[in-house]
Amino acid sequence: MAENPLFAPSSLPYQLPPFAEIREEHYLPAFERGMAEQLAEVEAITGSAEPPTFDNTIAALERSGRILQRTATAFFSVVASDSTDGVMEIEKRISPELTRHSDAIRLDRALWARIKQVTTEDPEEAWLLEKYRDDFVRAGADLSEEEQARLRELNEELSRLSTEFAQNLLKAANDSALVVTDAKELDGFDEARIASLERDGRYVLPLLNFTNQPGLAQLTDRDVRRRLYTLSVERAPRNFGLAMRMAKLRAERASLLGFPDHAAYRVADQTAKTVEAVEEMLDQLVGPAVRNARKEAEALAEQAGFAIEPWDWSFYAEKVRQARYDFDASAMRPYFELDRVFRDGIFHAATRLYGITFTERPDLRGYHEDVRVFEVFNEDGGALGLFALDPYARPGKRGGAWMNNLVDQSFLFGEKPVVLNNLNITKPATGPTLLTYDEVTTAFHEFGHALHGLFSEVRFPRVSGTSVPRDFVEYPSQVNEMWATWPEVLANYARHHETGEPMPAELVEKMQAAEKFNQGFMTVEYLAATLLDWAWHRLAPGEDVADAEAFEQKALEAAGIAFPLVRPRYRTNYFAHIFSGGYSAGYYSYIWSEVLDAESVEWFKENGGLKRENGDHFRRTLLSRGGSLDPLAAFRDFRGREPSIQPLLERRGLV
Ligand SMILES: [Zn+2]
């Protein structure tokens, strides 16, 4: 039998995982060996006769667990993007084991005793040492044996529930898909779209991961819209129960760790630091956002000629845009061809700003044939890393878009970064892949995360690239969205896929004018989700929720954001960010990061926009530093002052 490819470092360029050789049966043995190896490494650290030093303790921990790291990276990339029943079985089995493993290290008393004795004068080491101390305390290193035993139980059950939550959702995308037998019911979709939905004589429209399904903007049959919307908000009903249980367990864990609730626990190591800081910000936004949405609702009702329902919002929003701004969003699609958006848009902007260039490497493979790999070079020709792109939706892929590292940059291992972007664009049966304006913006956004990973120049993997607080990580990616509509960039990539004609200037102008409409809706649906996340995680320990849907409603009312026409972007039952994605009590991060984003966009504009000097300054002061220092100090180095909320309020029309 051939050797398990996960046991040894990859021999591919940049240590890209050898996906073509990895088979499902390789994962479990590699996880087992990886965990055993790391425990042995930790034992060697604690068993050392030498006094604890940074190198023999902290750096040694950074060097530990290489097989496990490789295995988890490859496995969870496949779980997220190309899952199968077999992979889901492995995930179910391995998730609680991984939680036990991580607790075994962070609750190791001998190890903790050594970490507490380490000292260092070097600032980068001191910052990392502080991170380790904080990680260990937050994981329960200072608790009694009895408390730690309970903590282990809580972590394990939470890990199980979170896997189940995600798997229920993956199934629901298809199980709760809209199914129609008569193509007439899909009136509003173009013929190619309808053809792509046909399966065995029926038409199946799978659900995307958020409340407001994009089809609602086009489907002319009101009853079909109602059905689609209802399927969306009522999907995966078993997840309500899982969410209640998770919120309760999280509150108990927070209390064990000395915090009043899970939200307080979660924000303590973020840039926000306190629940009051988060609430103070949200309070400023709710009132004006709801007022804007109400005004928009009036315009929609006027357009419709009747009192609209939630499933009518997108449809009539498009109508108002057409009437008021003479703008039709679908007119843009022929100008947004996938290849061109990347080559002449996203990559082009990065070349102009940072001097970097891209060469496709068809010889390098991902976990699926649709994954494309590009080698990235600095202006001087030096190798920077690899960028992998997985653009298409598929049945085994989670909803949404995201970036993750396949290899973390670090000087410790002399490794260059390998980063992956996932999008969920529908693959056409034939012909070019045309994107919506939203999809283009999302692609620029995810590439902003990719740059954060690619430009990383730090010593230690723990603080590499995007390893920054959740409420900071969205900031560089949001900044990169600005180049999607930057005139020189847009003119370069937005060309008709058949004629090569540039997008007409008036279409761009109309789009920018029309963008201002529906800001109220978008801010309210986002804030409602944020406040729902917040309510679940401000529950006091022992507080019971009997009915998740009633809780949801009451929470929105109490926060002043209950507006029947605009439901949260995610309801409890499909809020993957917070129940399976690491964003619990952290969904506020997007708007929190947007403060820094809006400030930075101002800075670029004040300094002449798309220029090498500007890109270099952003790269040097911020993007290259990863989590190797206080992120707000990096922001101050970039901007030259403390952040102000004003640019954000103006951008969102909330002043
Ligand atoms: Zn993001």
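One table, with the values for the structure above:
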{"quantity": "Distance histogram in 5 Å bins (all Cα pairs of the stretch 565-641, percent per bin)", "calculated": "3, 13, 18, 18, 14, 11, 10, 9, 3, 0"}
{"quantity": "Using θ = phi - 60° and Karplus 6.51 cos²θ - 1.76 cosθ + 1.60, couplings along the stretch 62-69 (whole Hz; Gly, Pro as x)", "calculated": "4, 7, 7, x, 5, 5, 4, 4"}
{"quantity": "Efficiency of FRET from Cβ geometry, His617 and Lys116, R₀ 45 Å, rounded to 0.05", "calculated": "0.70"}
{"quantity": "Mean residue ellipticity (222 nm) of the chain, computed from DSSP H runs ≥ 4 via -39,500 (n - 2.57), nearest 500", "calculated": "-16500 deg cm²/dmol"}
{"quantity": "Three-way shape label, the stretch 167-288, alpha-carbon gyration tensor, a/c 1.5", "calculated": "prolate"}
{"quantity": "Trypsin sites (Lys or Arg not before Pro) restricted to DSSP loop in the stretch 562-643 with at most 15 other C-beta within 10 Å", "calculated": "Lys611, Arg641"}
{"quantity": "Part-to-part distance (alpha-carbon centres) for the stretch 460-495 and the stretch 510-546, which is given in Å", "calculated": "23"}
{"quantity": "Nearest-10 value in Å² for the accessible area of Met244, using the 1.4 Å probe", "calculated": "50"}
{"quantity": "Pairwise centroid distance, computed over Cα atoms, of the stretch 286-332 with the stretch 350-415, Å", "calculated": "39"}
{"quantity": "Bridge type composition, the chain - antiparallel percent by DSSP, nearest 5", "calculated": "75"}
{"quantity": "Mean Cβ neighbour count within 10 Å, used as a protection proxy, ranking 42-52, 13-23, 584-594 highest first", "calculated": "584-594, 13-23, 42-52"}
{"quantity": "1.4 Å probe accessible area per residue over the chain, in Å²", "calculated": "41"}
{"quantity": "The stretch 79-154: C-alpha gyration tensor shape, a/c 1.5 cut-off, then a/b vs b/c", "calculated": "oblate"}
{"quantity": "Heavy atoms of Asp339: accessible area, 1.4 Å probe, square angstrom to 10", "calculated": "60"}
{"quantity": "Percent RCO, i.e. relative contact order, over the chain, from Cα pairs under 8 Å lying at least 6 residues apart", "calculated": "16"}
{"quantity": "Carbon/sulfur fraction of accessible area - the chain, other protein chains in place, 1.4 Å, %", "calculated": "49"}
{"quantity": "Rounded to 10°, Cα long-axis angle of helix 505-514 versus longest principal axis of the chain", "calculated": "80"}
{"quantity": "Dipole of the stretch 7-57, positive direction: furthest Cα of Ala20, Pro52, Ala8, with charges on the beta-carbon", "calculated": "Ala20"}
{"quantity": "Extension gain from Arg651 to Ser330, taking 0.36 nm per residue of separation minus the Cα-Cα distance", "calculated": "113.1 nm"}
{"quantity": "Stretchable slack from Glu157 to Glu302, in nm (0.36 nm times residue separation minus alpha-carbon distance)", "calculated": "47.1 nm"}
{"quantity": "Simple label model, 7 Å out from Cα along Cβ direction - Thr359 to Glu25, nm", "calculated": "3.9"}
{"quantity": "DSSP-assigned coil residues among GluC sites (Glu not before Pro) in the stretch 513-573, each with at most 12 further Cβ atoms within 10 Å", "calculated": "Glu543"}
{"quantity": "Counting all C-alpha pairs of the stretch 450-546, share separated by more than 19 Å (%)", "calculated": "68"}
{"quantity": "Gyration tensor (alpha-carbon) shape descriptor, the stretch 357-412, a/c threshold 1.5", "calculated": "prolate"}
{"quantity": "Stretch gain in nm, segment Glu89-Arg226, where the contour uses 0.36 nm per residue and the Cα spacing is subtracted", "calculated": "45.8 nm"}
{"quantity": "Span from the the stretch 116-190 Cα centroid across to the the stretch 560-586 one, whole angstrom", "calculated": "16"}
{"quantity": "In nm, spacing of pseudo-spin labels at Glu498 and Thr441 (7 Å Cα→C-beta vector)", "calculated": "2.8"}
{"quantity": "Dipole axis of the chain (+1 Lys, Arg; -1 Asp, Glu on Cβ), positive-most option in Pro362, Leu434, Leu128", "calculated": "Leu434"}
{"quantity": "Heavy atoms of Glu379: accessible area, 1.4 Å probe, square angstrom to 10", "calculated": "130"}
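The values are calculated or read from the model by the stated rules, or taken from the named source; none is laboratory data. Since the structure is predicted, the reported quantities are computational estimates derived from the model, not experimental observations. Don't worry about glycine lacking a Cβ; one is built from the backbone with ideal geometry, like all the others, and counts go over all protein chains shown. Please note that ligands, DNA and RNA were not included when accessible areas were found on the heavy atoms of the full protein model with its side chains. Shrake-Rupley method; radii C 1.70, N 1.55, O 1.52, S 1.80 Å.
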